[in-house]
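The values are calculated or read from the model by the stated rules, or taken from the named source; none is laboratory data. Everything numeric here is computed off the predicted structure, so don't read it as measured data. Note that each Cβ is placed from the backbone with ideal geometry, even for glycine, and that neighbours are counted across all protein chains shown.
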Amino acid sequence: MKNIKVVTLVSIASLLAVASSPIIASAAANTANTTINASVADVISITTGTTVALSLTPTAGGVVSSSSDTVTVNTNRTSGYNLSIADSDATTTLASGGNTFAAHSGTKTAPTALANNTWGFAVATSTTGIGTNGFDASYSTETNAGSSTSKWAGMPASGSPIMLKTTAAVATNDTTTVWFAAKATSSQPGGTYTDTVTYTATTN
């Protein structure tokens, strides 16, 4: 009988030890994703010189003086930009009081040498992106040139801009040289003749 009691006590102690052991549960897991969208706006900026000075000492046959302006454009647009030019208003003359230089009759596709007492603009055909035109391959500053053959277009009025250049990529300090010229004869009254032109840069 003693052996039977000993066996019974040991079995109860074993059960108590098992009951007091910690219960370990397996962990559960799941995942979720979040998309981050950073929207960057297209931006464009344009800068240019403030004044193009043309100095003329006229003769009976007429003299041509020319000078240039540099237009600088920056844009992050991957498809590039368009650059156009027009007069700032409906009047396309250089004016000094009641006296004027008329806008030259040449066009971008058919520019010609300046007529007497007119003014015009040009962009050299060596400029990338200027498209179909008839301008000269290059231009240089002229001062009172009596036999100039350089080709020019007349300035369009506000609301009818002429495309100067088209690009197809991001532009960083992209420059375009725009030339201006006037031809004066001795019949042109003295004075400082002024007009304002407007460049417009638009993303493609």
Would you check if there is a residue in the range 62-74 being polar (S, T, N, Q), in contact with a Gly (Cβ under 7 Å, 6 or more places away or on another chain) and in contact (Cβ under 8 Å) with a residue 60 or more places away in the chain? yes
Looking at residue 116, is it exposed (fewer than 12 other Cβ atoms within 10 Å of the Cβ) and either under 30 Å from the mean Cα position of the chain (by Cα) or more than 17 Å from residue 195 (Cα to Cα) (or both)? no
All conditions in (1) in contact with a His (Cβ under 6 Å, 6 or more places away or on another chain); (2) of a type outside the set (Asp, Glu); (3) exposed (fewer than 13 other Cβ atoms within 10 Å of the Cβ) are true of residue 172 except (1)
Just one of (1) touching a Pro at 6+ places or on another chain (Cβ under 8 Å); (2) part of a loop (DSSP other than H, G, I, E, B); (3) hydrophobic (A, V, I, L, M, F, W, C) trips up residue 86, so point out which. (2)
The range 121-149 residues that are more than 16 Å from residue 177 (Cα to Cα) and free of Cβ contacts under 8 Å to residues at least 40 places away in the same chain, paired with ones that are of a type in the set (A, V, I, L, M) and surrounded by 15 or more Cβ atoms within 10 Å (Cβ to Cβ) (beta carbon under 7 Å, 6 or more apart): 149/113
Could you say whether any residue in the range 69-92 is loosely packed, with under 14 Cβ neighbours inside 10 Å, among the aliphatic types (A, V, I, L, M) and at pLDDT 95 or above? yes
Restricting attention to the range 175-204, the residues that are surrounded by fewer than 20 Cβ atoms within 10 Å (Cβ to Cβ) and of a type in the set (D, E, K, R) number exactly 1
